[in-house]
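The values are calculated or read from the model by the stated rules, or taken from the named source; none is laboratory data. All values derive from a computational prediction rather than experimental measurement. Positions of Cβ are generated from backbone atoms using ideal geometry, with glycine treated the same way; all protein chains shown enter the neighbour counts.
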Amino acid sequence: MLEGLIEGLVTAFTFTNILMVIGGVLIGTFIGMLPGLGPMSIIAIMIPVAISIGDPSTALILLAGVYYGAIFGGSTSSILINAPGVASTVATSFDGYPLARQGKAGKALTVAAVSSFAGGTIGAVLLMIFAPMLATVALLFHSTEYFALMVVGLSAIAAFAGTGQVSKAIMMTILGLMLGTVGEAALFPAPRFTFGVQDLQSGLSFITLAMAMFALPEAIYLVLDPNRSKTGSGGTSEIKDLRITKAEAKEIAPVVGRQSLQGFFIGVLPGAGATIASFLGYAVERNIARKEDRDKFGKGALKGLAAPESANNAACTGSFVPLLTLGIPGSGTTAILLGALIALNVSPGPRLMVDNPNIFWSVIISMYLGNLVLLILNLPLIPYIAKILAVPRNYLIPFILFFTMMGAYIGQNNATELLLLVGLGVAATILRFANFPLAPALIGFILGRMLEDNFARSMQLYDGIGFVWERPMTTGLLFLAIVLVILPSWRARLARIRARGIADGD
Amino acid sequence: MKKTTFGRRAILAAAAALMVSGGPALAGSHQVLDQIHFLIPGGAGGGWDGTARGTGEALTNAGIIGSATYENMSGGGGGKAIGYLIENAESNYDTLMVNSTPIVIRALTGVISQNFRDLTMVAGTIGDYAALVVGKDSPINSMDDLLAAYRANPSEVSIGGGSVPGGMDHLVAAMVMQAAGEDPTAVKYVAYDAGGMAMAGLLSGEIAALSTGFSEAVALAEAGEVKIIGVTSDERIDAAPDVPTMKEQGIDMDFVNWRGFFAAPGLPAEKLAAYQEALTAMYDTPEWEEVRARNGWVNIHNSGDDFVAFLENQEGIIKDLMIKLGFL
C-alpha cells in the first residue's frame with residue numbers, strides 16, 4: 001500500500017496533474033454556480049477533453065476536480081438567490097438563504113466554503129485509509145435498507161414543522177411525494193399523471209421544480225412583499241463581511257466533524273449519495289441541537305448551513321469507493337465517470353488497486369490538493385460574489401429570473417420546461433404567500449421516487465411487507481426515523497409539563 | 001516515462017477534440033456530404049449522445065462529411081424528437097436522428113405515439129449483445145445451473161435488470177426463459193432504475209441473476225466480480241472468448257440491442273443513398289476504429305432494406321412476447 005501511495009504522490013504532483021486539478025476545480029466551480037448545470041452535465045461536457053488527454057490518471061484527476069468543484073460552486077446560487085442547482089444543495093439553501101437575507105451573505109459563503117473544504121478533506125483521508133475495506137460495506141445495504149434510509153431522510157421535514165405548521169408541512173410533503181410520481185416509475189411501465197402530455201412522460205425534472213419552488217417565489221416575493229424596504233435587500237455593509245467569530249467557529253466545528261464522517265459513509269452506499277447525505281445531516285444536527293439552537297434551524301443557523309455542506313462534499317468523495325473498488329456507479333455522475341474510465345481502457349474494480357495503483361492513489365491525493373485549491377480560490381472571491389446582493393433590486397430581480405429560466409431550460413434544451421416552470425412557480429408563490437413551507441414539497445419530490453422504487457422492490461423480493469421486521473438493519477433505520485420525528489415534540493412536551501409543574505407546585 | 005512528455009500533446013489533443021466540428025480533414029476518403037445535423041432524443045452523456053457524437057467525430061475526422069452539428073432534444077422517452085422530425089420533415093433533410101431498440105419497445109407500449117415506420121430508416125450501425133450475469137460467489141455457473149435452481153424454487157431465483165418491467169432487460173430475461181422451455185410470465189423480474197443500481201443489487205446478493213448489456217458486464221467479469229453465464233450473440237464474442245452463448249447451451253435465442261440512424265419521412269432517395277454511403281464508408285476508416293474501440297462498441301451494420309427487415313423481425317418477436325407477458 002505504501003509503495004502505491006508514494007507512486008500516487010509522484011503521479012499527482014507532476015506539473016500536468018497539478019494544472020489539471022486547478023483547471024478542473026476552476027471549471028467546476030464557475031459552471032457549477034449556474035443553476036441547471038450540475039456536476040453531471042459539466043462532466044459530460046468535459047469527457048471528450050479528458051479522453052483526448054489519453055492518460056487515465058490525469059483524465060480522472062481532471063474529472064474528479066470538476067466533480068467536487070461543481071458541488072462546491074453549487075452552494076453559491078442556493079445561498080445567494082435560493083436557487084439550488086443540484087439536489088444535493090437544496091438543504092444548503094434552508095439556512096444559507098435566510099442568512100443571505102439577513103445581510104450575512106459573506107459569512108454564509110465562508111461557512112459553506114470552510115465546511116465543504118473540511119468535508120472533502122476528511123472524506124479524502126477516510127477514502128485513503130478505508131477504501132479497500134469499505135467495498136464490502138457498500139454492498140451491505142439492500143433495497144429494504146435504502147427504503148428505510150429514504151424514510152430517515154424524509155424526517156428532515158420535521159425542521160419545517162415549526163409552531164402551528166405541522167399540518168402544513170405534512171400537506172406539502174404529500175404534495176411533493178405526489179409530484180414525484182408523475183411520469184414513468186422504474187417499477188411500473190405505465191405513465192402516471194401525465195394527462196397525455198408527452199413532456200411529462202419522464203417526470204418533472206428536479207431543476208425545474210427546484211427553480212419553481214424556491215427561486216421563483218423568492219424573486220416574486222421580493223417584488224410583492226408588502227413590508228419590503230425601499231432600499232436593497234439587506235444591510236449592505238455586512239454582505240461582504242466574511243469573518244467568522246471564534247464562538248461561531250467553536251459552534252460549527254463539531255457539526256462539521258460529525259457530518260463529514262456521516263456524509264462520507266452515506267456516500268459510500270451506491271444508492272444513497274450526496275443528496276440523502278445532506279438531508280440526513282441536516283435532520284440529525286437539528287435533532288441533537290439544544291432547544292434554542294434548534295429553533296434557529298431554517299431561520300439562518302450556521303449549524304444548519306455547515307451540516308449539509310460538509311455532508312454533501314464528504315459524500316461525493318465517499319461515492320468514489322464503490323466506483324473505484326467495485327466498478328459500480330452509485331449516481332448518474334459516477335456512471336459518467338465510469339464510462340470515461342472504461343473509454344480510457346481502465347476497468348475499475350477490485351483489481352484497480354493492484355493493476356493500476358498509481359491511478360487509484362493519485363486520484364485520492366489530488367483530492368486533497370483540489371480541496372485546498374477550492375478554499376484558497378474561493379475565500380478571496382467571496383466578497384465579490386456576495387456583492388451581487390448589493391445590486392439594486394430592480395436589477396437583481398431580473399437577473400435572478402434570468403438565471404432561473406436559464407437553469408430550467410439549459411439541462412433539457414426543452415422549451416416546455418419554461419412553461420412548467422412558470423405554471424409551477426405561480427402555484428408555489430401563492431403557497432408561499434399563504435405561509436406554506438415549500439421545502440418539504442421539494443424534499444418529498446426528491447426522495448419520493450427513490451422511496452417508492454425501493455419500497456416496491458422490497459415488497460417484490462420479500463413477497464410482502466415482512467422485510468420491515470425480517471431485516472434487522474431496516475428495522476433499526478425505521479426506528480431511528482420514528483425517533484427523529486417524535487423526539488423533538490416529546491422533548492418540547494416534557495419541557496412544557498415541567499414548566500407548568502413548577503408553576504403549579506408553588 | 002510517458003507522463004513527463006505529454007503536457008503539450010494533451011493540450012493539442014484537447015484543442016483537436018474541441019475542433020471536431022471544424023473544417024474537413026485532409027486525410028481519408030472523399031467527402032460524401034457537406035454537413036450532417038445529428039438529433040439526439042436524450043440528454044448529454046447518455047448512450048444516444050455518445051453514439052451520435054462518436055459517429056459524427058469519425059465521419060468528420062475521416063473527411064467523409066464536411067462538418068457535424070448536434071442537438072439534444074430530450075422528452076417523452078425519445079418521443080419528442082421523433083415527433084419533431086416528423087412534423088418538420090421538409091426542413092430537416094439534413095438531419096439524422098440516433099435511436100436504438102427502445103424505439104421499438106416504446107412504440108409498442110404506446111409511450112411513443114409514432115413508430116419507426118413513420119421515419120426513413122437509414123441504417124443500424126452498432127450494437128451490444130445482452131447477457132445474463134451472476135455474482136462471483138454464486139453456485140450458479142451456467143444456464144443449466146440457473147434453470148435447475150429456477151425449477152427447484154422459482155420464487156427464490158429473481159432476475160434483476162436496469163429497465164422497467166416490459167423494458168429491454170426484462171424482455172431479454174423472458175426471451176431466454178421462454179427459449180429454455182419455461183413460462184416467461186412466471187419469472188420474478190426485479191426492476192432497478194439504472195444498470196449500475198441493478199449491478200449493485202446483484203453484488204449485494206438481493207437478486208440471483210442480472211439481465212444486462214454485455215458491454216456493461218464484461219469489465220466486471222474480467223475483474224472477477226461477476227460471472228457471465230450466457231450471452232445472446234450467435235457466436236462467441238472476440239472480446240470474451242470464454243463466455244458461452246445461449247445457443248450453445250441449448251437455448252435457441254439471440255438478441256441485439258442495436259443503435260442506428262433515422263431521417264425525416266419523405267427523404268429524397270439520393271439523400272438517403274448519400275447517408276448510407278457515408279455510413280458504409282465509415283467502417284473502413286481508422287478514425288471509426290478508434291472511436292469504436294474507445295467505446296467498446298460492436299459493429300453490426302444493417303443498411304437500407306436489411307435494416308427495415310431487421311426492425312420488423314425484432315418488432316414481431318418483442319410484440320409476441322409482450323402480449324404473452326401481458327403488457328399489450
_Residue among A:36, A:32, A:8, A:24 that alone is surrounded by 20 or more Cβ atoms within 10 Å (Cβ to Cβ) and away from every other protein chain (no Cβ under 13 Å)_ = A:32
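One line per residue, one yes/no per condition, for (1) under 21 Å from residue A:330 (Cβ atoms); (2) small (Gly, Ala, Ser); (3) touching a strand residue (DSSP E or B) at 6+ places or on another chain (Cβ under 7 Å):
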site	(1), (2), (3)
B:170	no, no, yes
B:175	no, no, no
B:185	no, no, no
B:191	yes, yes, yes
*Quick one: which residue in A:341, A:379 is part of a helix (DSSP H, G or I), within 30 Å of residue A:127 (Cβ to Cβ), within 12 Å of another protein chain (Cβ to nearest Cβ) and of a type outside the set (Lys, Arg)?*
A:341
*Go through region B:288-326 and count every residue that is within 14 Å of another protein chain (Cβ to nearest Cβ), modelled with pLDDT of 90 or more and within 18 Å of residue B:98 (Cβ to Cβ).*
0
*Here are some conditions: (1) surrounded by 19 or more Cβ atoms within 10 Å (Cβ to Cβ); (2) within 30 Å of residue A:243 (Cα to Cα); (3) more than 23 Å from the chain's Cα centre (by Cα). Residue A:362 meets all but one. Which one does it not meet?*
(2)
*The lone exception for residue B:188 - which of (1) buried (at least 21 other Cβ atoms within 10 Å of the Cβ); (2) at the interface with another protein chain (Cβ under 9 Å from one of its Cβ atoms); (3) at pLDDT 90 or above it fails*: (1)
*Looking at region A:352-397, which of its residues are within 30 Å of residue A:223 (Cβ to Cβ) and hydroxyl-bearing (Ser, Thr, Tyr)?*
A:384, A:395
*Looking at region A:386-491, what helices (runs of 4 or more DSSP H) fall wholly within it and have at least 2 residues that are surrounded by 21 or more Cβ atoms within 10 Å (Cβ to Cβ), of a type in the set (Gly, Ala, Ser) and within 21 Å of the chain's Cα centre (by Cα)?*
A:393-410, A:439-461
_Within region A:293-321, take every residue that is part of a loop (DSSP other than H, G, I, E, B) and among the charged types (D, E, K, R) and give me the one that is surrounded by the most Cβ atoms within 10 Å (Cβ to Cβ)._
A:296
*Within region B:206-226, how many residues turn out to be within 10 Å of another protein chain (Cβ to nearest Cβ), modelled with pLDDT of 90 or more and surrounded by fewer than 24 Cβ atoms within 10 Å (Cβ to Cβ)?*
1
*State which residue is farthest from the other protein chains (Cβ to nearest Cβ) when the search covers only region B:56-78 and only residues that are assigned to a helix (DSSP H, G or I) and within 16 Å of residue A:204 (Cα to Cα).*
B:78
*For region A:273-288, indicate whether the set of residues that are under 18 Å from the mean Cα position of the chain (by Cα) and at pLDDT below 85 is non-empty.*
yes
*Inspect region A:254-268 for any residue being among the aliphatic types (A, V, I, L, M) and either touching a strand residue (DSSP E or B) at 6+ places or on another chain (Cβ under 7 Å) or within 14 Å of another protein chain (Cβ to nearest Cβ) (or both) and give the result as yes or no.*
yes
_Of all residues being away from every other protein chain (no Cβ under 12 Å) and of a type outside the set (A, V, I, L, M, F, W, C) in region B:32-55, which is surrounded by the most Cβ atoms within 10 Å (Cβ to Cβ)? Just the residue, please._
B:55
*asked:* One residue is enough: does region B:91-112 have a residue meeting the conditions within 13 Å of chain A (Cβ to nearest Cβ), β-branched (Val, Ile, Thr) and free of Cβ contacts under 8 Å to residues at least 40 places away in the same chain?
replied: yes
*Name the one entry in A:90, A:86, A:111, A:125 that is away from every other protein chain (no Cβ under 14 Å), crowded, with 24+ Cβ neighbours inside 10 Å and over 15 Å from the mean Cα position of the chain (by Cα).*
A:111
*With respect to residue A:44, determine if the residue is out of contact with any His (no Cβ under 6 Å at 6 or more places or on another chain), under 22 Å from residue A:410 (Cβ atoms) and surrounded by fewer than 24 Cβ atoms within 10 Å (Cβ to Cβ).*
yes
*Can you tell me which of A:134, A:154, A:60 is part of a helix (DSSP H, G or I) and either farther than 28 Å from residue A:472 by Cα or at pLDDT 90 or above (or both)?*
A:60
_Selected residue (only one of A:496, A:432, A:449 is free of Cβ contacts under 8 Å to residues at least 60 places away in the same chain and of a type in the set (D, E, K, R))_ = A:496
*Have a look at A:207, A:220 and point out the one that is crowded, with 19+ Cβ neighbours inside 10 Å and touching a Pro at 6+ places or on another chain (Cβ under 8 Å).*
A:207
_Cβ contacts < 6 Å: first residue of a type in the set (Gly, Ala, Ser), restricted to region B:301-328; second residue surrounded by 14 or more Cβ atoms within 10 Å (Cβ to Cβ) and not in a helix (DSSP H, G or I), any location; separation 6+ or different chain. Result?_
B:303/B:123
*Would you tally the residues in region B:223-274 being in the same structural domain as residue B:36 (by TED's automatic domain parsing), among the small types (Gly, Ala, Ser) and without any contact (Cβ under 8 Å) to a residue 24 or more places away in the chain?*
2
*Give A:47, A:71 a once-over and let me know the one that is within 14 Å of another protein chain (Cβ to nearest Cβ) and part of a helix (DSSP H, G or I).*
A:47
*What are the residue pairs meeting all of these: first residue in region A:254-265, first residue closer than 12 Å to residue A:318 by Cα, second residue of a type in the set (S, T, N, Q) and in a helix (DSSP H, G or I), Cβ atoms under 6 Å, and 6 or more apart or on different chains?*
A:260/A:310
